[in-house]
Amino acid sequence: MIEDQIASNLSQVRARIQAATERAGRPAGGVALIAVSKKQPASAIRAAYAAGQRAFGESYLQEALDKMAGLADLDIEWHFIGRIQANKTRQIAAHFDWVHGLSDPAHAHRLSEQRPAEAPPLAVCIQVNLSGEASKGGVAPSETAGLLSLCDALPGLRPRGLMTLPAPADDEASQRLPFQALRALRDRLATPERPLDCLSMGMSDDLEAAILEGATQVRIGTAVFGARPYNRGQAGAIATADH
Ligand SMILES: *Cc1c(COP(=O)(O)O)cnc(C)c1O
């Protein structure tokens, strides 16, 4: 059954996180698992929730809102990890607890203004582009301090740390380089008032490298849910498995 598969995948991912944490000589419990449920049906989220998972990451706003509506009975912490579009900020600010891919001052202003007054400030990570690839999102390392200062001044936002999405690399030594760079940047920009205690880095194929370099949140999709079912289909529709 798919429920058993997801529960078993989750325990394997937790074991990988624990092993890497020990290898890094870090205290247990310092790495949070965000289960990336983009392109997975709501039923898969429910199965992971039943297996104890509480934090979920989504990349596509409309797809996420559709699933949230059917999962309102669950106490989920929602992380927006996709590319932000200006016309989507109001919904992101209203429905998510965290945003990991912030890289545009205009989006920061909008998210802060549109964060509902009764909600706590939106937790944000600044996405940093360490490879210089134009196709990748994120600010240049040299622009990170400026965007952080802006977030410090916006009442609807709470800057928590840095995020990166490096190009895939095969061996652990190469995987570690961008994660090491992100941590070094964080160490330089952290202050006592704003410690930037979160490093959002590491996915299914490189979570060990990320944890060795200090990741506090790993964003794991495939290793938890299996291959995404409808990458082949058009964007928009949610896989029919849960209907
Ligand atoms: C899809 C995605 C992930 C998860 O990737 P997997 O390789 O499936 O673990 C993590 N972070 C971001 C930003 C993503 O878009």
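Were the residues from residue 118 through residue 3 laid out at 0.36 nm apart, the gain over their Cα-Cα distance would be 37.9 nm. Indicate the gyration tensor shape class of the chain (rounded, prolate or oblate), computed on the Cα atoms with a ≥ b ≥ c the square roots of the eigenvalues: a/c under 1.5 is rounded; otherwise a/b larger than b/c is prolate and the rest oblate. Oblate shape, in that a/c is at least 1.5 and b/c is the bigger or equal ratio.
With the alpha-carbon atoms of region 66-143 aligned to their principal axes, the span from lowest to highest coordinate is 42, 23, 20 Å, starting with the largest. The solvent-accessible area of residue 136, taken with every protein chain present and a 1.4 Å probe, is close to 60 Å². Note on the chain: helix-only mean residue ellipticity at 222 nm, from DSSP H runs of 4+ residues weighted -39500 (n - 2.57) and normalised by residue number, equals -12500 deg cm²/dmol.
For residue 158, the residues 5 or more places off, or on other chains, whose built amide H falls under 5 Å of its own are 122, 123, 124.
Could you work out the relative contact order of the chain, using alpha carbon pairs under 8 angstrom and six or more residues apart, expressed as a whole percent?
Averaging sequence separation for qualifying contacts and normalising by length gives 22 percent for the chain.
The alpha carbon gyration tensor of region 1-90 gives principal lengths a ≥ b ≥ c with a/c of 1.5 or higher and a/b no greater than b/c, which makes the shape oblate.
The residues of the chain expose on average 47 square angstrom of accessible surface per residue, using a 1.4 Å probe on protein heavy atoms.
The solvent-accessible area of residue 191, taken with every protein chain present and a 1.4 Å probe, is close to 50 Å². Applying the Karplus relation 6.51 cos²θ - 1.76 cosθ + 1.60 with θ = phi - 60° to region 51-57 yields 3J(HN,Hα) values of 8, x, 7, 10, 9, 10, x Hz, where x marks Gly and Pro.
Rounded to the nearest Hz, the phi-derived 3J(HN,Hα) couplings of region 11-23 under the Karplus curve 6.51 cos²θ - 1.76 cosθ + 1.60 (θ = phi - 60°) are 5, 5, 5, 4, 5, 4, 4, 5, 5, 5, 4, 5, 4, where x marks glycine and proline.
Relative contact order of region 1-106: 21 percent, from C-alpha pairs under 8 Å at least 6 residues apart in sequence.
Quick one: pull the percent of accessible area on region 9-135 belonging to carbon and sulfur, 1.4 Å probe, ligands and nucleic acids left out. Carbon-and-sulfur percentage of accessible area, whole number: 49.
The values are calculated or read from the model by the stated rules, or taken from the named source; none is laboratory data. Nothing here was measured: the structure is a model prediction, and the numbers come from that model. We work out accessible area using only protein heavy atoms, side chains counted, and drop any ligands, DNA or RNA first. Shrake-Rupley method; radii C 1.70, N 1.55, O 1.52, S 1.80 Å.
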